[in-house]
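Rule-based calculations on the coordinates, nothing more; no lab input. From a predicted model like this one, the values you see are computed outputs, not experimental measurements. Cβ coordinates were reconstructed from backbone atoms using ideal geometry, including for glycine residues, and neighbour counts include every protein chain displayed.
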Amino acid sequence: MSKVKDFVGSILGLAIFGLGLYLLWNTFQFASSLYLKPPAEVLGVDPKKSLDVNNAGSELFKIVIQSLGLILMSIVASIIAQLGIKMYSTNRMPPEIKELKILNPVKRVLGMGKATEETVDADEIDYSDAKS
């Protein structure tokens, strides 16, 4: 590996990690704006009028959909940040290190079992599928 590749890969890894952190920050900002509103305002309930069940039900459905979107956004942002850290650490490794043990938490996050540990060749990591 050349010094230029190491430097560019490290900078790119840090930039992708920063993007992942920014996306996580935006996710938490959206969550706080969603969940810090009073329930009457979120459900569209006016205390001076009778309860419109259809309107309140549709607003509740919107909240459920937004909550699922928040979960998806946080998972995607975490994976992007993890990719940036992998790129940074791989390009900062001395050339004599040939194997890299990576903890893959995706199975655990998705409820498909325990997190698995993978051993990969440090020179053969392909980042081409990391399109944003």
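Of the peptides 21-32, 52-63, the order by per-residue mean of other Cβ atoms within 10 Å, starting with the highest, comes out as 21-32, 52-63. Packing order of peptides 8-17, 64-73, 79-88, highest average first: 79-88, 8-17, 64-73 (average count of other Cβ atoms within 10 Å over each peptide's residues).
Only lysine pairs 8 or more places apart, or on different chains, with alpha-carbon atoms under 22 angstrom apart are counted in segment 3-94, and they number 6.
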